[in-house]
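One structure is given below, encoded as structure tokens.
The values are calculated or read from the model by the stated rules, or taken from the named source; none is laboratory data. Small disclaimer: the values here were computed from a predicted structure and weren't measured. Counting neighbours? That spans all protein chains shown, and the Cβs are built from the backbone with ideal geometry, glycine included. Side chains included, ligands, DNA and RNA excluded: accessible areas come from the protein's heavy atoms. Shrake-Rupley method; radii C 1.70, N 1.55, O 1.52, S 1.80 Å.
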Amino acid sequence: QLQLVESGGGLVQPGGSLRLSCVASGFTLDYYAIGWFRQAPGKEREGVSCISRRGDIIYYADSVKGRFTISRDNAKNTVYLQMNNLKPEDTAVYYCAARRPTYYGCSGVGPEGYDYWGQGTQVTVSS
């Protein structure tokens, strides 16, 4: 069973930081590009970032550029999302997902081609 599990969410003050982790089990993570997505209450799911298999190609949504950093440690089967200078509008459930290898990597932050999704971790940015 291929599985992704997110962790690291929580409650943080505006301007604070969190690091999310996405750990894969049941497959070797380095075969897959990995995306981060989020869904805020009452809003559509939004692509946040994508990182290629080797980490050499990275995309960010305009709303998070300069604040969020995606990285991966394939030896640990883990992808990270470092989130700095968090804003209330970043409040959402954050999901990681693995993109099928036929897509060859990242082409942006769109949702196409992701077969495996985690259950999500809640990030709340509030005073």
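Of the listed residues Leu2, Leu18, the order by accessible area with a 1.4 Å probe, largest first, is Leu2, Leu18. A straight line joining the Cα centroids of the stretch 96-125 and the stretch 13-47 runs 7 Å. With springs connecting C-alpha atoms under 10 Å apart, model the chain as a Gaussian network and identify which of Ser63, Ser71, Ser21 has the largest mean-square fluctuation. In this elastic network of the chain, the residue with the biggest mean-square fluctuation among Ser63, Ser71, Ser21 is Ser63. For the stretch 2-127, which whole-number percentage of the solvent-accessible area (1.4 Å probe, protein heavy atoms only) is attributable to carbon and sulfur atoms? Solvent-exposed carbon and sulfur of the stretch 2-127 make up 47 percent of the total.
Taking chymotrypsin sites (Phe, Trp or Tyr not before Pro) as exposed when DSSP calls them loop (any state but H, G, I, E, B) and at most 15 other Cβ atoms lie within 10 Å, what is the longest stretch of the chain free of them, the sites themselves excluded? My reading of the result: 28-103 is the longest stretch.
Within the chain, the longest run free of exposed loop sites, counting trypsin sites (Lys or Arg not before Pro) that sit outside DSSP helix and strand states (H, G, I, E, B) and have at most 16 other Cβ atoms within 10 Å, spans 68-127. Straight-line cross-link reach from Lys43 at under 26 Å between alpha-carbon atoms covers these lysines, not counting any fewer than eight positions away in the same chain: Lys65, Lys87.
Measuring r between the beta carbons of Ser25 and Asn84 and using R0 = 30 Å, the FRET efficiency lands at 0.60.
Here the gap between Arg67 and Asp115, fully extended at 0.36 nm per residue and compared with their Cα-Cα distance, gives a gain of 14.6 nm.
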